[in-house]
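Encoded as structure tokens, the structure appears first; notes follow it.
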Amino acid sequence: MLEELPRFIDPKQLALQNAYLKGEVALAQLKRLHDSLCEIQGIVKIEWIFALDNKQRPTIQGSIQARLPMRCQRCLQPLPWTVDTQIALVVFNGEPHPNEELLIGYEIITLNHHRLSLLSLIEDEIILALPIVAKHDICIANEYQLSAEKMTNNASSNPFQLLLKLK
Ligand SMILES: [Zn+2]
């Protein structure tokens, strides 16, 4: 069972309540990630705390965890990618003033309305946590290739022996 998360959140309201938001989102709902995935299966877990900072600005802190079935860009085979990222956001209504003092280590997100799409925020944060190019350290296909090459080098002049070894 997925714990139901709200579709939209009002960070100010949640911060005033010191709200704690914990739940799961299906990868199927995070459409912007789909192009990077080899199958649309799995969940993303979030655990966030809302609070006001010393200037009464809403902040969001917490974790995003997922295991994404990505595709290796080199061998095109599945590549499970673990996302375990911490977020620290300070929420502004409209563009922040250029002289605005910011908390160290916090990213700014700006709202045009009071509410924020939770799904698109999760998507944004996962996209930031993804590798630019997803690929295996050593592709499985390459491993086969390497061992086949080794065999060729070690093989005697009898090609049938090599065939036997490959079986
Ligand atoms: Zn690969």
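The values are calculated or read from the model by the stated rules, or taken from the named source; none is laboratory data. Remember, it's a predicted structure, so these values are computed and weren't measured experimentally. Please note: Cβ atoms are built from the backbone with ideal geometry, for glycine as well, and neighbour counts cover all protein chains shown.
In this structure, is residue 28 more than 23 Å from residue 114 (Cα to Cα), small (Gly, Ala, Ser), in contact (Cβ under 8 Å) with a residue 12 or more places away in the chain and out of contact with any Phe, Trp or Tyr (no Cβ under 6 Å at 6 or more places or on another chain)?
Taking the combined requirement at face value, the residue satisfies it.
If you scan the stretch 1-25, which residues turn out to be under 18 Å from residue 67 (Cβ atoms), buried (at least 16 other Cβ atoms within 10 Å of the Cβ) and touching a residue at least 24 places away in the same chain (Cβ under 8 Å)?
Within the stretch 1-25, 25 is the sole residue that qualifies.
Among 111, 116, 79, 102, which is within 16 Å of the ligand (Cβ to nearest atom), closer than 25 Å to residue 63 by Cβ and modelled with pLDDT under 95? Give the steps one after another, and end with the answer.
Working: 111 fails: within 16 Å of the ligand (Cβ to nearest atom); 116 fails: within 16 Å of the ligand (Cβ to nearest atom); 102 fails: within 16 Å of the ligand (Cβ to nearest atom).
Every option except 79 fails the conditions.
Could you please tell me which pairs satisfy a Cβ distance under 9 Å, a separation of 6+ or placement on different chains, a first residue in the stretch 42-56 that is without any contact (Cβ under 8 Å) to a residue 24 or more places away in the chain and within 19 Å of residue 9 (Cβ to Cβ), and a second residue that is assigned to a strand (DSSP E or B) and aliphatic (A, V, I, L, M)?
Pairs found: 45/25; 45/64; 45/66.
Which condition does residue 88 not pass, out of (1) at pLDDT 95 or above; (2) surrounded by 15 or more Cβ atoms within 10 Å (Cβ to Cβ), if it passes all the others?
Residue 88 satisfies all of (1) at pLDDT 95 or above; (2) surrounded by 15 or more Cβ atoms within 10 Å (Cβ to Cβ) except (2).
Based on this model, can you work out whether residue 115 counts as within 19 Å of residue 51 (Cα to Cα) and among the basic types (Lys, Arg)?
The answer is yes for residue 115.
For the stretch 76-99, what are the residues that are in contact with a strand residue (DSSP E or B) (Cβ under 8 Å, 6 or more places away or on another chain) and in a loop (DSSP other than H, G, I, E, B)?
77, 94, 95, 96
Return the residues of the stretch 43-68 that are in a loop (DSSP other than H, G, I, E, B) and surrounded by fewer than 17 Cβ atoms within 10 Å (Cβ to Cβ); say none if nothing qualifies.
53, 54, 55, 56 - these are the residues of the stretch 43-68 that are in a loop (DSSP other than H, G, I, E, B) and surrounded by fewer than 17 Cβ atoms within 10 Å (Cβ to Cβ).
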